[in-house]
Amino acid sequence: MAARTPVLADHRKVGSRLIAPFNDMFGPTRDVSWINTMIPELLWIALIQDVHGSRRGVEIITAFTRDVRASSADRSTEIWAAAGKFTAIPGEALRAIVTGSPENYADELRDALRPLAAWYPSHPLNALLAGETLDASADELTYLKRTVATLFDRSCKAAIMTQATAVWLAFDADRLKVAPDLSLAQFPRIEEYPETELSLRIAASIRASLNQFFGDTAIMASESDWPAAFWNRGLEIAPCEDYDGR
Amino acid sequence: MDADEDDAAGQAIDVLAITGRFRAGVNLELAARLAAWPPDFNHIQVHEVIGGMLARQATLIKGLADAPPIWTANSAPVILRAIADVYINIAWLLLKPQERCLQFISFGLGQSKLELEHYRAEISSREVTPEETAMLGAQEAWIDSQRATFLQDVNLGNWSGTSVRKMAEEAGCVDFYNFVYTPFSACAHSMWHHIAKYNLVTCSNPLHRHHRRPTSAAADPDIHYLLLAAKYWAKTLGTFDERTGIAVNRSAAYTQLVAELTDPADADE
């Protein structure tokens with residue numbers, strides 16, 4: 001009889017478990033999910049970029065988060081990318097930061113966040129729209145649904161520009177420094193995505209960096225309930241759908 | 001499924017008539033083995049265990065054949081897994097039948113004793129009904145008829161003292177273990193890789209994160225499951241014949257079933 005081809009021979013047997021080579025080499029890992037966690041945390045960035053375009057969107061977000069960092073010593077070294085981070089700032093204080101800003105971005109910021117505030121009353125940035133009468137329209141829900149659906153593809157342009165903005169906020173907060181010979185050192189060339197080889201490499205670095213930021217070191221993750229609350233709210237505002245359209 | 005359902009070639013087949021002939025064939029094949037393999041009172045346990053297990057296999061096969069509504073991925077594997085279990089047991093037992101058949105009986109008696117003691121513990125703090133007294137008495141008498149209950153050890157491990165995989169390796173049927181026993185175990189034990197495929201459906205609403213929703217949708221019967229059962233019956237007979245050295249006609253029921261489903265014109269032959 002021919003010798004049997006061994007299966008999973010690269011795994012190490014520990015008791016009755018076969019340990020995958022990666023886990024064997026590096027130990028247990030903490031999973032971080034683009035869909036489960038990062039999409040709800042970064043959706044506000046995606047909406048601003050969708051409404052105002054990538055370039056203006058980054059200007060608005062940069063100005064806003066610089067104002068947040070400047071508002072208190074406690075906030076000065078924080079990366080204000082994940083929505084859940086803003087739960088640490090009282091609503092009144094958040095409004096004061098924006099209305100007192102010398103930069104002219106407040107209306108543009110609120111315009112982009114309005115559908116989110118209308119349909120997701122617990123979004124951490126909703127204090128910015130306090131006092132407004134919000135119209136939770138079907139069109140806005142469809143828009144949110146389409147935007148979220150687009151972001152499911154983590155490599156699409158909208159998702160990459162959203163993630164690039166989050167990484168940029170880490171640079172801007174002086175929390176991220178890279179060696180000059182790394183792709184990420186040429187960060188601005190991400191604008192070329194996905195047309196150039198360099199932009200593809202930068203995008204890969206951005207995705208890997210975000211995994212790290214939302215993973216063990218948790219310098220970007222909010223550790224808040226917001227991601228779960230976002231998905232639970234989705235179940236309340238829209239019915240389940242089947243792939244065959246029922 | 002209707003009794004008269006069109007097959008792939010557009011010809012009507014009478015499923016119940018075909019399964020009726022198949023079950024009759026299984027009965028004949030079992031009877032032929034038992035006739036050619038008389039008891040030997042030097043080692044009567046071998047005849048009782050192996051013969052009983054062969055009859056059990058026939059019962060499982062006919063049970064599946066008689067129930068077209070369960071020829072689905074939801075239900076058929078529960079029976080097919082039991083059929084696979086019987087096959088591996090027979091193949092392993094027949095390597096050292098005298099010793100292993102005693103081991104098999106002893107384990108079963110021990111389990112029966114344990115069950116009896118659980119019942120007794122449960123009723124110890126209340127009044128016992130006459131029916132319960134009769135049932136416990138019958139169970140103890142059944143054990144005593146084979147071995148005094150107070151002398152019977154209880155094995156809390158598995159009956160063979162080794163894993164099913166090692167049994168299959170030893171019996172030369174590890175492929176059967178890998179490709180039949182293990183996959184059907186997922187259904188029989190309602191494991192994640194079964195229920196995720198058959199009892200959950202992915203929601204396509206992006207706002208719902210593509211979560212999986214429970215579903216208990218009806219499944220269309222598939223005659224493939226009957227063919228699998230019939231094939232395992234033929235395999236069981238083949239192993240039994242080979243290890244016992246008896247010579248009878250090989251697996252006519254399976255061959256006939258395949259012929260009838262392949263060419264319905266054969267059904268009346």
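The table below gives the values:
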quantity	calculated
From phi via Karplus (6.51, -1.76, 1.60), per-residue ³J(HN,Hα) for the stretch B:91-101 in Hz, x at Gly/Pro	4, 6, 4, 6, 6, 9, x, 5, 6, 6, 5
Ranked B:GLU29, B:GLU131, criterion: other C-beta atoms within 10 Å, fewest first	B:GLU131, B:GLU29
Kirkwood Rh in Å, taken over all unlike Cα pairs in the protein assembly as shown	29.5 Å
Amide H contacts of B:SER204 (H built 1.01 Å from N, under 5 Å, at least 5 apart or other chain)	A:GLU241, A:ASP242, A:TYR243
Stokes-Einstein D for chain A, Kirkwood Rh over Cα pairs, 4 °C, 1.567 mPa s (µm²/s)	65 µm²/s
Expected 222 nm ellipticity per residue - DSSP helices of 4 or more, -39500 (n - 2.57), all of the protein assembly as shown, to 500	-17500 deg cm²/dmol
Ranked by how many other beta carbons lie within 10 Å on average, peptides A:73-84, B:228-239 from highest	B:228-239, A:73-84
For peptides A:122-129, B:158-165, sequence by mean Cβ density within 10 Å, most packed first	A:122-129, B:158-165
Span from the the stretch B:14-37 Cα centroid across to the the stretch B:98-122 one, whole angstrom	32 Å
Chain A: most fluctuating residue of A:THR99, A:THR165, A:THR133 per GNM, C-alpha cutoff 10 Å	A:THR133
16 Å Cα-Cα reach of B:LYS197 towards aspartates and glutamates, excluding residues that sit fewer than 8 places from it in its own chain	A:ASP242, B:ASP220
Separation in nanometres of the label points that stand 7 Å from Cα toward Cβ, at A:ARG17 and A:GLU192	4.5 nm
Per-pair calculated FRET efficiency, R0 = 22 Å: A:PHE152 and A:ASN232 via Cβ, rounded to 0.05	0.75
Selected from B:ILE90, B:SER125, B:MET135, residue furthest toward positive end of dipole (the stretch B:3-268; charges at beta carbon)	B:SER125
Theoretical gain in end-to-end length, A:VAL178 to A:ALA138 [0.36 nm per residue, Cα-Cα removed]	10.0 nm
Unit Cα scatterers, Debye sum, the stretch A:138-246: log10 I(q)/I(0) for q = 0.20 Å⁻¹	-1.11
Charge-dipole axis of the stretch A:32-230 as Lys and Arg at +1 and Asp and Glu at -1 on Cβ define it, positive-most pick from A:LEU125, A:LEU113, A:LEU210	A:LEU210
Fully extended contour minus Cα-Cα distance, from B:TRP142 to B:ALA12, at 0.36 nm per residue	41.8 nm
Inter-chain shielding of A:147-153 (mean C-beta neighbours from other protein chains, 10 Å cut-off)	2
FRET E, pair B:ALA73, B:ASN155, Förster distance 30 Å, beta-carbon r, rounded to 0.05	0.30
Nearest 10 degrees, 0 to 90: helix A:226-237 Cα axis against chain A principal axis	80 degrees
Separation between Cα centres of the stretch B:211-249 and the stretch A:114-179, rounded to whole Å	54 Å
Residue-averaged beta-carbon neighbours from other chains (10 angstrom radius) around A:228-235	3
For peptides A:170-180, B:179-189, sequence by mean Cβ density within 10 Å, most packed first	B:179-189, A:170-180
Calculated from backbone phi, Karplus (6.51, -1.76, 1.60) coupling profile of the stretch A:53-67 in Hz, x at Gly/Pro	x, 4, 5, 5, x, 5, 4, 5, 5, 5, 4, 4, 6, 5, 5
Shielding by partners - mean other protein chain Cβ count within 10 Å, residues of B:197-207	6
Flagged links, alpha-carbon separation over 22 Å, of A:LYS13/B:LYS166; B:LYS113/B:LYS235; B:LYS96/B:LYS235	B:LYS113/B:LYS235
Sequence-distant aspartates and glutamates (8 or more away, or on other chains) whose Cα lies within less than 17 Å of B:LYS231	B:GLU29, B:ASP66, B:ASP85, B:ASP175, B:ASP222, B:ASP241, B:GLU242, B:GLU260
Extension reserve of the B:VAL258-B:TRP192 stretch, reckoned as 0.36 nm per residue once the Cα distance is removed	20.4 nm
Sorted by Cβ neighbour density within 10 Å, fewest at the top, the residues A:ILE237, B:ILE79, A:ILE190	A:ILE237, B:ILE79, A:ILE190
³J(HN,Hα) computed for each position of the stretch B:139-154 - Karplus, 6.51 cos²θ - 1.76 cosθ + 1.60, integer Hz, glycine/proline x	5, 5, 5, 5, 5, 4, 5, 10, 6, 3, 4, 5, 9, 7, 6, 10
Inter-label distance for B:PHE41 and B:GLU169, nm, one decimal - labels placed 7 Å from Cα along Cα-to-Cβ	4.2 nm
Relative contact order (%) - criterion: Cα under 8 Å, at least six apart; region: chain B	29 percent
Directionally averaged projected area (convex hull, Cα atoms, the stretch B:173-269), nm²	9.8 nm²
Nearest 10 degrees, 0 to 90: helix A:197-213 Cα axis against chain A principal axis	90 degrees
Using alpha carbons only: equivalent-ellipsoid semi-axes of chain B, gyration tensor based, whole Å	36, 29, 19
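Coordinate-derived values only; no laboratory data. Remember, predicted model here, so these are calculated numbers, not experimental data. All Cβ positions, glycine included, derive from the backbone under ideal geometry; neighbour counts span all protein chains shown.
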